[in-house]
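For reference, the structure discussed in these notes is given below.
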Amino acid sequence: MNTVPFSLRRALLIAQNTLLEAARQKLLLFFLLLALGLVVGARWLRDFSFGAPELKFLADCGFGAMAFFGAALAIAATAQLFFSEIENRTALTLLAKPVWRAEFILGKFLGVVAVAAFFCALLTLLLMAVLRWREGELMREFPEAFAQGGVVSYGMVALGGLLQWLKLAVLVALSLLVASFAQTQLFTIVTGFFVFVICHLQYLAQDAYTRAGSWFAQNVGGGLASVFPNFQLFALADSLNAADAPPTAHVVRVALYAAGYCAVACALAVYCFRKREI
Amino acid sequence: MSANVSSKLSAAVPAVEIRGLVKDFSSGLRGLKLRAVDHLTLRVEAGQVYGLLGPNGSGKSTTIKALLGLLEPTAGECAIFGVPSGRVEARREVGYLPESPYFYRHLSGRELVRFYARMCGMGGATLESRIDEVLALVGLTAAADRRVGTYSKGMLQRIGLAQALVHDPRLLILDEPTAGVDPLGTAAITELILQLKARGKTVLITSHLLGQIEDVCDRVAILDRGKLILEGAVSDLVGRADRQALVVEALPENELAELRAWLAARGRKLETVETPRTRLDRIFLERVGKKDA
Amino acid sequence: MRAGLRTTVFVIASLAVAGMLLNRVAAPAWSAAREKQPALKLDSSMTAAGQGVTLALLGGFRALVADAAWMRMFARWEARDLPGVETLIHVVSAIDPRPAYFWMNGARIVAYDLPVWRIEAAGGFEAVTKPVQERIRREQAQQALRHIEAAMAFHPASADLWIERGSIELNKLGDLAAAAESFRRAWEQPHAPFYAARLHGELLRRQGKKTEALAWLIQLHPLQPPDPEEPKADVVLARIRALERDLGVPPARAFQPAR
């Protein structure tokens, strides 16, 4: 009997189809327009004209839009693109082909992560453009505040965008894990949202358990807290100042952390999905 | 093992083998079991057109899903060309058209068939010509570049057939292929099944419209509430070997009396005299066929 | 049902084990990020801002929420709403203590704008007696200094905060000694502007500590950066010469700048 080995090519085909489906749907466009509106509109929300700190406000708005709408997109797109396969029974036709369920899960993950990458890249580029434009204006308006040149490190902005994307990739993997056993799209979206909030607060629990004296609290409590990734870790480049840039080794570690959580969450999604009745 | 012996052995392997299949579904909070398939055993030989018949809810689609590894049996075993259904390899030689198919609406018909072809490992120079070939086979060449979202029900059924056929599988599983399809579409599907049979393919069809597939099936199994109630060759089940029908031009009464007397002299009896009837779908097909021509 | 429970336990246990291992991978990056990430203190003023704000904070949008609160403070400032401005200055820095900008500008508003509003609310500069005006100014300046003191816990190496402190001590309290000390501390911080050191010398002179001022400026002179607008101007040397004249330093012992 000739075996059918796991094929990355098939997973990529599913990813490509998922990306195409997302692109041809209104969902991506909707979140993209909202986020773009916030980034560009931040310039006119209020006329600050108080010099360099205004650029921080613009960056906060940009990254806030990326984080909020990105999270909404990651959760909604994962749930929608996964459940559309189940509810529309396209998964029936697909999984009746010589396709591993692991390829299906990986394909869905890569497809939504590609959507998130497109979203983050576009917003980062737009944010850079808005910052550059406003920085130029402020430099002319307040030359003394910019005596030592521009204050925005565009490398930091790019790094911020990359870290946001890594965070969204983990969120996609966790949402996919929920979707793999959830019965409804709504449950996946609501749970995904709670996971997003818990992941931002995870460090508080981690801190509390680390401070706790007992072995039990540190290991069992710490272990339970580790079920959720620490999303505050991705705020490593939360500054426009190049002097605040984290060491490359730290960025690599955060990337490994994200990749590790993605791999584990996807593997568990495959485990939960392996016997799901289609 | 010689090639000859090997080919004989592989010929002996049934296309589909289902042994003691049971499928229970839990329903309600108390986990009450609903038995969809009840100890079903079937064997479909390679090259046959096999009809799995029964009313709605008789367990046909559940059987097909278990056969394709899309759901796990509560008990029993299924195999395709000797490969257990749980294995991905079992689906390599299968083309499947689900009931009321729904495909990616954002793709064109051609993109859809290409997607499934590539999922089956096809590629290279022959891919596009094979896609054109199956699109022509199902009569969708003109609509190939339209979004699937704009297709009618009959066209969805045909694009479903195209994706099932594109990798030239040895076994084709068609779940209610004629449900909701007009007589022209039904005739086209029937014609296609006969073509596939002529090319040595095995076809497993499920339908609740018993009469529609009677004409094309070699064997049928009839299910009711998950249980097999009848199985056999169509000719054995519906034909009567001890009776014959002769169709002649209309006889006047006196000649009919002579015929009766002639039969009686030989110890035979003329049981029924009736006017042959055609079927409404045949009349429709003849009229529409003439108009199209 | 039992299978579902088994799957749930397996999933949670797998994530916990993986998480513990991955925490070790990220530990160095996290301890560096943690230092920049002060704990979120959700006090009553913030929870009163509404559940939406609390949720946004919990969702990791503290920078954005702080910005929004700062904008609200700005609107309250335009309306001269003293309690609103005071509360929001506190809220902004509590939500996100990382930007020194919020602290500094908050302190400035408390020290410079609020006394004017208080005096105007009490009847205006004509009606309020000078001693009362002075008391108000001192109270506001002390409040601003406490705000800067709190900021320094988060920004111990900020030259800007020391300069702001020195400015308030100088302009609002008239405390030359304290201001001189603050400008000296500012000069000790990394990336400190040169004028902080110059102001320290100037304040020594104004206190009558001319010898100390001269010694300070002489030591400072080689570090003086060129003025981009007037590259040939030597402000420190001009101050040195003035002090030498005041102190009667003979020309032979006068400071000779290195060329």
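At-a-glance table
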| read-out | value |
| --- | --- |
| Residue count, segment B:86-118 (criterion: among the β-branched types (Val, Ile, Thr) and closer than 20 Å to B:ALA142 by Cβ) | 1 |
| Residues satisfying the stated conditions in segment C:1-16, i.e. facing another protein chain (nearest Cβ under 7 Å) and either farther than 17 Å from A:ASN230 by Cα or not hydroxyl-bearing (Ser, Thr, Tyr) (or both) | C:MET1, C:THR7, C:VAL11, C:ILE12, C:LEU15, C:ALA16 |
| In segment A:60-81, the residues that are away from chain C (no Cβ under 14 Å) and open to solvent by less than 10 Å² (accessible area, probe 1.4 Å) | A:LEU73, A:ALA77, A:THR78, A:ALA79, A:LEU81 |
| Any hit, segment B:24-44, residues being modelled with pLDDT of 85 or more, within 30 Å of B:GLU191 (Cβ to Cβ) and aromatic (Phe, Trp, Tyr) | no |
| Selection count where residues are assigned to a helix (DSSP H, G or I) and either of a type in the set (Lys, Arg) or in contact with a Phe, Trp or Tyr (Cβ under 7 Å, 6 or more places away or on another chain) (or both), scope segment C:67-84 | 5 |
| Residue satisfying condition, being touching a strand residue (DSSP E or B) at 6+ places or on another chain (Cβ under 7 Å) and part of a loop (DSSP other than H, G, I, E, B), within set B:ALA90, B:ALA46, B:ALA66 | B:ALA46 |
| Pairs with Cβ under 9 Å, 6+ apart, first in segment C:140-165 and under 17 Å from C:THR87 (Cα atoms), second open to solvent by 50 Å² or more (accessible area, probe 1.4 Å) and aromatic (Phe, Trp, Tyr) | C:GLN140/C:TYR112; C:ALA144/C:TYR112 |
| In segment B:200-211, the residues that are at pLDDT below 90 and either touching a Lys or Arg at 6+ places or on another chain (Cβ under 7 Å) or open to solvent by 10 Å² or more (accessible area, probe 1.4 Å) (or both) | B:HIS208, B:LEU209, B:LEU210, B:GLY211 |
| Search result, residues across segment C:156-188 that are open to solvent by 30 Å² or more (accessible area, probe 1.4 Å) and closer than 29 Å to C:LYS36 by Cα | C:PRO156, C:ALA157, C:ASP160, C:ARG165, C:GLU181, C:ARG184, C:ARG185, C:TRP187, C:GLU188 |
| Output for segment C:133-155, where each listed residue is open to solvent by 50 Å² or more (accessible area, probe 1.4 Å) and farther than 13 Å from C:SER182 by Cα | C:GLU134, C:ARG135, C:ARG137, C:ARG138, C:GLU139, C:GLN142, C:GLN143, C:ARG146, C:ALA153, C:PHE154 |
| From A:ALA217, A:ALA205, A:ALA269, residue being crowded, with 17+ Cβ neighbours inside 10 Å and either modelled with pLDDT under 90 or among the acidic types (Asp, Glu) (or both) | A:ALA205 |
| Given (1) assigned to a loop (DSSP other than H, G, I, E, B); (2) of a type in the set (Gly, Ala, Ser); (3) modelled with pLDDT of 70 or more, index of the condition C:ALA27 fails | (1) |
| Pairs, first within 9 Å of chain B (Cβ to nearest Cβ) and under 18 Å from A:PHE69 (Cα atoms) in segment A:18-30, second open to solvent by 60 Å² or more (accessible area, probe 1.4 Å) and part of a helix (DSSP H, G or I), C-beta under 6 Å, six or more apart | none |
| Residue list for segment A:220-243, filter: within 8 Å of chain C (Cβ to nearest Cβ), open to solvent by 30 Å² or more (accessible area, probe 1.4 Å) and not in a loop (DSSP other than H, G, I, E, B) | A:LEU224, A:ALA235 |
| Residue identified as within 14 Å of another protein chain (Cβ to nearest Cβ), of a type in the set (Lys, Arg) and within 17 Å of the chain's Cα centre (by Cα) among A:LYS108, A:LYS97 | A:LYS108 |
| Unmet criterion (only one of (1) more than 8 Å from chain A (Cβ to nearest Cβ); (2) modelled with pLDDT under 85) for C:LYS36 | (1) |
| Residue that is exposed (fewer than 14 other Cβ atoms within 10 Å of the Cβ) and in contact (Cβ under 8 Å) with a residue 12 or more places away in the chain, where the choices are B:GLY232, B:GLY226, B:GLY239 | B:GLY232 |
| Qualifying positions in segment C:175-225 - assigned to a loop (DSSP other than H, G, I, E, B) and of a type in the set (Phe, Trp, Tyr) | none |
| B:PHE103 vs. criteria of a type in the set (Phe, Trp, Tyr) and either modelled with pLDDT of 90 or more or closer than 22 Å to A:ARG274 by Cα (or both) | no |
| Answer residue from segment C:39-54, given it is surrounded by fewer than 13 Cβ atoms within 10 Å (Cβ to Cβ) and within 21 Å of A:ALA225 (Cβ to Cβ) and is modelled with the lowest pLDDT among those | C:LYS41 |
| Qualifying residue in segment B:109-127 (condition: at the interface with chain A (Cβ under 9 Å from one of its Cβ atoms), assigned to a loop (DSSP other than H, G, I, E, B) and in contact with a Pro (Cβ under 8 Å, 6 or more places away or on another chain)) | yes |
| Subset tally (residues that are more than 7 Å from chain A (Cβ to nearest Cβ), surrounded by 24 or more Cβ atoms within 10 Å (Cβ to Cβ) and in contact with an Asp or Glu (Cβ under 8 Å, 6 or more places away or on another chain)) for segment B:93-107 | 1 |
| Matching residues, segment B:55-92, being small (Gly, Ala, Ser), farther than 14 Å from B:LEU171 by Cα and surrounded by fewer than 24 Cβ atoms within 10 Å (Cβ to Cβ) | B:GLY57, B:SER58, B:SER61, B:GLY69, B:ALA75, B:GLY76, B:GLY86 |
| Any hit, segment A:167-177, residues being facing chain C (nearest Cβ under 10 Å), open to solvent by 10 Å² or more (accessible area, probe 1.4 Å), assigned to a helix (DSSP H, G or I) and among the basic types (Lys, Arg) | yes |
| Count of residues meeting criterion [within 21 Å of C:SER182 (Cα to Cα) and either part of a helix (DSSP H, G or I) or open to solvent by 30 Å² or more (accessible area, probe 1.4 Å) (or both)] in segment C:98-132 | 13 |
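The values are calculated or read from the model by the stated rules, or taken from the named source; none is laboratory data. Bear in mind the structure is a predicted one, so any value in this text is a computation, not a measurement. As a convention, Cβ positions derive from the backbone with ideal geometry for all residues, glycine included, and neighbour counts pool all protein chains shown. Calculation scope for accessible area: heavy atoms of the full protein, side chains included, ligands and nucleic acids excluded. Shrake-Rupley method; radii C 1.70, N 1.55, O 1.52, S 1.80 Å.
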